[in-house]
Structure formats: C-alpha cells, structure tokens
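Engineer: Below: one structure in structure tokens.
Here, each number is a calculation from the coordinates, and none is a lab measurement. Just so we're clear, the structure is a prediction, and the values are computed from it rather than from any experiment. Please note: Cβ atoms are built from the backbone with ideal geometry, for glycine as well, and neighbour counts cover all protein chains shown.
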Ligand code: ADP
C-alpha cells in the first residue's frame, strides 16, 4: 500500500495535483475540504457545523475532522492506498492518522509539501474564487487567516513527519505539468 499526504498551504495546488496523481497511481483521493463542502451543500448537521468554522477561515475541530476521515478510510477497504489532501492539518490529526493506518497494518509512505510563496497563493485563491463559488476564496481577510492558521497549526505537521524521515518539499511554482512531473519523480523514488 502507498499512502501519500499531499501537503502545502491553501491554494498551493493540492486538489489539482491530487486529481492527476489518483489517475496515475490508482489511489483513493480523500480531500477533507471536499468532504466538508459536500456536507455543506447538503445542509447536513456536519455541514452546518463545518460551515461555522470554514467561513471564518478557521479549522474544523479535530474530533469532527478525524471522525469523518476515519469513516472515509473505512469505507474503502480494498484501496491500493490513499492520497490524503488537506489532512492532517494539525499534529493531533497526524497522530490519529498514524494510529488508524497502523491498525490497518500500513503507514504513511511520504508527505510531499508543495512550496509556493504567500503572494502566489493569495493570487491563486482570489482567481479561483471568481469561479469556485467558495465564500472562503472571495475575501482577502479570510484568506489571510487561512494562511495564518496554516503557519501556526499546520506547518508543525511537516516537522512531525520530517522527524520520521518522511517529509519532503516539492517546488510548487511553474506549470501544472511541471509540478506533476516533480511529484511523480518523488513518489517513484519512495
Ligand atoms: P484549501 O484550498 O484552503 O487548502 P480545503 O478545500 O482543503 O482548503 O479546505 C477548506 C476548509 O475546510 C479549510 O479552510 C478548513 O476550514 C476546513 N478543513 C479542511 N480540512 C480540514 C482539516 N483537516 N482539519 C480542519 N479543518 C479542515
């Protein structure tokens, strides 16, 4: 099994690259952001709860996010492996993921972090906001908060996996194909 964490700040291209990687490696793509948006779209209790955090650019509480992620992993018992996109975003989530995979006799193979400058991600998110219909993509104040939260709460996840020798940075600037090529090279080397 190969279990990849696609990591990086909001707007760094995780979703775009994950879609290409799933095809190439036949893995199951789990995006916690997509799962929350699905719940919000259906106005479920989970969706309503998630919305109250997402619209402020805050993280949804760990207990909620971890529970949702576990359900999704459990729903795919025959997977060759997973691409986790937007998860883990806190060290507590990383610990929970390691525990979950260990129970299944597997582990995180590697974390690939897309390296993109703050100016570039803000521009990319604002551009995406014109068509994504995402309220959290249309307000510079919310975007700035998401970047702040990423720096404070999420970058420690990189260090957590770096200590285990599993984290690496990938240049996230350039064309979609160039970045995809860099990711594939890193995955093939794992
Ligand atoms: P981005 O494009 O900013 O990377 P995502 O689509 O991955 O955003 O997620 C959108 C929002 O959903 C996040 O800003 C956050 O509020 C919430 N969210 C997504 N994944 C998680 C997570 N693992 N833990 C907590 N909140 C999350």
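Engineer: Add -39500 (n - 2.57) for each DSSP H run of 4 or more in the chain, then divide by its residues: what number comes out at 222 nm, to the nearest 500 deg cm²/dmol?
Structural biologist: Details: 9 runs with 105 residues, N = 190.
Computed ellipticity for the chain at 222 nm equals -17000 deg cm²/dmol.
Engineer: If contacts are Cα pairs under 8 angstrom and at least 6 residues apart, what is the relative contact order of region 73-190 in percent? Write out the running numbers ahead of the final one.
Structural biologist: Working: 89 pairs, mean separation 38.2, N = 118.
That works out to 32 percent.
Engineer: How much FRET efficiency would the formula 1/(1 + (r/R0)^6) give for residue 117 and residue 92, where r is the Cβ-Cβ distance and R0 is 22 Å, rounded to 0.05? The partial results should precede the final answer.
Structural biologist: Values: r = 28 Å, r/R0 = 1.27.
Approximately 0.20, to the nearest 0.05.
Engineer: Obtain the nm distance between the two label points defined at residue 99 and residue 171 by a simple spin-label model: each point lies 7 Å from its Cα along the Cα-to-C-beta direction.
Structural biologist: 4.0
Engineer: What is the pair-distance distribution P(r) of the chain, computed from all Cα-Cα distances in 10 Å bins starting at 0, with each bin given as a whole percent?
Structural biologist: Spelled out bin by bin, the chain gives 9, 38, 39, 14, 0 percent.
Engineer: Quick check: pseudo-label points 7 Å beyond the Cα along Cα→Cβ at residue 188 and residue 38, how many nm apart are they?
Structural biologist: Modelled inter-label distance: 3.2 nm.
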